[in-house]
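Here's the structure we're looking at; comments come further down.
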Amino acid sequence: MATTVTVQNLTVTITEQYTLNGVSYGNTMNKTYIDNGQVSQRIMTVSSEGDGGDWTNILALSTADGQGQVVKTEYKYFRITNLDDTHTLHLRVYNGSDYVAVEVNPASSLLFMDAGIDSPTGTGAITFADIQAIAGQSSHASESLDVEFIMVTS
């Protein structure tokens, strides 16, 4: 069976506009990711800290496509947005041996536009080729929160 999916380019545009004392600041940045053939987008609920310390698995990166899993060597772009207006999203990025913790404030987003993040272990950058899982948890003791993510791969 031949695929009927036609690969497309993803263009991400970030525009900053700020005026202070009558002076405008900001810029517009465009980045294009070429030849993308897969996208995963979802709104989901992540558990609260009080749920036995459990983390909600958001995405797995591996060597094959599967349920909730994408091919990590084909990674291009990842955005996650905390849809809650009150509570912080705690993210846990796992590379098989170490975790990197990231907080996403209410009504804010985190972008992984390139393949590296810093490692707290001093072993250097963790690239998306290293990442095996991304999990989340609400900062609140008893209230979960909703997130939206989009992951684009080739």
| Answer residue from segment 89-114, given it is in contact (Cβ under 8 Å) with a residue 24 or more places away in the chain and among the small types (Gly, Ala, Ser) and is surrounded by the fewest Cβ atoms within 10 Å (Cβ to Cβ) among those | Gly96
| query | Regarding Ser142, is this residue open to solvent by 60 Å² or more (accessible area, probe 1.4 Å), at pLDDT 90 or above and farther than 30 Å from Asn9 by Cα? | reply | yes
| request: Return the only residue of Gly68, Gly22, Gly37 being on the phi > 0 side of the Ramachandran plot and more than 17 Å from the chain's Cα centre (by Cα). | output: Gly22
| Of the residues Thr45, Thr4, which is in contact (Cβ under 8 Å) with a residue 24 or more places away in the chain and either open to solvent by 40 Å² or more (accessible area, probe 1.4 Å) or out of contact with any strand residue (DSSP E or B) (no Cβ under 9 Å at 6 or more places or on another chain) (or both)? | Thr45
| Going through segment 44-59 one residue at a time, which ones are modelled with pLDDT under 95 and either of a type in the set (Gly, Ala, Ser) or in contact with a Leu (Cβ under 7 Å, 6 or more places away or on another chain) (or both)? | Ser47, Ser48, Gly50, Gly52, Gly53
| Residues (open to solvent by 50 Å² or more (accessible area, probe 1.4 Å), touching a residue at least 12 places away in the same chain (Cβ under 8 Å) and under 27 Å from Ser139 (Cβ atoms)) located in segment 51-80 | Asp51, Asp54, Trp55, Asn57
| message | If I filter segment 1-19 down to residues being of a type in the set (Val, Ile, Thr) and within 20 Å of Glu74 (Cα to Cα), which single residue comes out as nearest to the chain's Cα centre (by Cα)? | response | Val12
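The values are calculated or read from the model by the stated rules, or taken from the named source; none is laboratory data. Because the structure is predicted, anything quoted here is derived from the model rather than measured. We place every Cβ from the backbone using ideal geometry, glycine too, and count neighbours over all the protein chains shown. Accessible surface is based on the protein model in full, side chains and every heavy atom, while ligands, DNA and RNA are left aside. Shrake-Rupley method; radii C 1.70, N 1.55, O 1.52, S 1.80 Å.
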